[in-house]
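Scroll down for the structure; my scribbles are underneath it.
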Amino acid sequence: MADKIFEIIKAEEKRQSEGLELIPSENYVSNAVLRAMGSVLTNKYSEGYPGKRYYGGNENIDEIETLAIERAKQLFHADHANVQPHSGANANEAVYFAWCQPGDTILAMSLPAGGHLTHGSPVTRSAKIYNFVGYGVTDDGDIDYDELEQLAKEHHPRVILVGYSAFMKIPDFDRVKQIADMVSQEADQEILLMADMAHVAGLIAGGVHPNPLEHGFHVMTSTTHKTLRGPRGGLIVSMGKVGNPLKKCDRTLENIPTLIDRAVFPGTQGGPLEHVIAAKAVAFEEDLQPEFQDYARMIVENAHVLAEELKRNGFILQGNGTENHLILVNVKESFGIDGKLYEYALDRVGLTLNANALPNDKGAAFRPSGVRLGTPAMTTRGLGVDEMIKIAEWMRRVADLCVKAENEDGLDQYENELKEIREEVRELALGFPIPGLDNN
Ligand code: DSN
């Protein structure tokens, strides 16, 4: 029976092929990653860890998960990897659960400053269990390290977390480590240094971004589907002594790898998704190849060129540019339009990005002043400097239409102009086929 779902999947393949993906947290996986994910491995229960399962018949699964673990360790020069988290949110939750007691303080970048929902937003489960304190960013878009230090001294956190989903600078991990060492001594308690590098993990693996684990951080969480170009899922890598995850151990920094294993299973998850873990292993092997370093370099170069071209076209950027893959544009200040209108108008021409609040945004939650975009997906498709110049020009033309239209309904009168840009985008996009499909 031909299920309707397969028709819709075809429609999504067409949408992805004919448009350009500018959302900085999205990417395209290889055909090998897709095949591993869509395999019979989904049939298997394998609660536990390699060699220590609660079900029989896991000899192949053990081999797959062990390969995924070893490859992740190699990618990030880590003592330990847990490849079971179903998502980045689960990975973060497991780390908090591994190290903290209810009521403990976690110091993290606040959501309005560019942090992530799972770093203490009041709507999350973690925020009901732990006491999150948020640090912000300076006017030039960098972490406010002075504020971070002052808050650490005041609150004596159990965790200092560096991580974000809308931040375009390279963090000074050494400075944060110095602050943690000082406060840890003062308060006479160990502080866990945690980095959520979901956005830039591929840049770290590709050698164009510092690795927090090489700057004294104990734990790094990530998703596997952003710059790492793997399946949708989570990952935790850490430094320390690797023990038996089925046995209790003391809550010390040295035992962090074992505490994390126990916090993932049975602490916060049940049966691992071994078809996804297999796909993670395939992606990690791809990430270990020399070509992946060229890819990571090109992401950053494209982002730099795109940022400069946007500025040339009148866009005002948070932080005046970017040091990684991500650009935050203040469309309110640039053109007097809001991020949601602009996101909608760009969608109509096949350029996909997302409206995003800026630090200290005065716009309403659903009408933020900014948009967030990035280059990982476009770089995977092979777009380069010439195409970045075109994208910036299209973005300017669409912004001009938004200024005239003033709201979503008003855009209809510019249907012809939007269609013209849509055709140009489609033509370029089809020249850069998306990876993963059978015909590639
Ligand atoms: N939702 C992701 C992003 O777009 O940045 C973070 O989890």
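The table for this structure:
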{"read-out": "By average C-beta atoms within 10 angstrom, highest first, the peptides 292-298, 230-236, 119-125, 272-278", "value": "230-236, 272-278, 292-298, 119-125"}
{"read-out": "Rounded to whole Å, sorted largest first: equivalent-ellipsoid semi-axes of the stretch 1-94, Cα gyration tensor", "value": "30, 20, 12"}
{"read-out": "Estimated translational D of the stretch 1-157 in µm²/s (Stokes, Kirkwood radius over Cα pairs; 10 °C; 1.306 mPa s)", "value": "80 µm²/s"}
{"read-out": "Cα pair count fraction exceeding 27 Å, expressed as % - the stretch 189-343", "value": "40 percent"}
{"read-out": "Principal axis box of the stretch 39-84, alpha-carbon based, largest edge first, Å", "value": "32, 23, 14"}
{"read-out": "GluC sites (Glu not before Pro) within the stretch 311-402, DSSP loop, no more than 11 other Cβ atoms inside 10 Å", "value": "none"}
{"read-out": "For the stretch 303-365, the spread of Cα positions along each principal axis, largest first, Å", "value": "30, 28, 19"}
{"read-out": "Shape of the stretch 277-398, Cα gyration tensor, a/c cut at 1.5", "value": "prolate"}
{"read-out": "Kirkwood-based shape ratio for the stretch 126-216, expressed as Rg/Rh from alpha carbons", "value": "0.96"}
{"read-out": "The chain - Rg and Dmax from Cα coordinates, angstrom", "value": "22.2, 67"}
{"read-out": "Amide H contacts under 5 Å for residue 104, placed H, 5+ residues apart", "value": "131"}
{"read-out": "Pairwise Cα inverse-distance average, inverted: Kirkwood Rh of the stretch 115-154 (Å)", "value": "11.2 Å"}
{"read-out": "For peptides 349-357, 62-70, 396-404, 160-168, sequence by mean Cβ density within 10 Å, most packed first", "value": "160-168, 349-357, 62-70, 396-404"}
{"read-out": "For the chain: relative contact order, % (alpha-carbon pairs under 8 angstrom, 6 or more apart)", "value": "23 percent"}
{"read-out": "Whole-number percent relative contact order across the stretch 305-440, with pairs defined as alpha carbons under 8 Å at least 6 apart", "value": "26 percent"}
{"read-out": "Convex hull volume per residue for the stretch 178-268, taking Cα atoms only, in Å³", "value": "110 Å³"}
{"read-out": "Pairwise label distance in nanometres, residue 10 with residue 40, each label 7 Å out on the Cα-Cβ vector", "value": "2.8 nm"}
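We did not get these values from a lab; they are worked out from the coordinates using the rules stated. Here the structure is a predicted model, which is why all the values come from computation and not from measurement. Please note: Cβ atoms are built from the backbone with ideal geometry, for glycine as well, and neighbour counts cover all protein chains shown.
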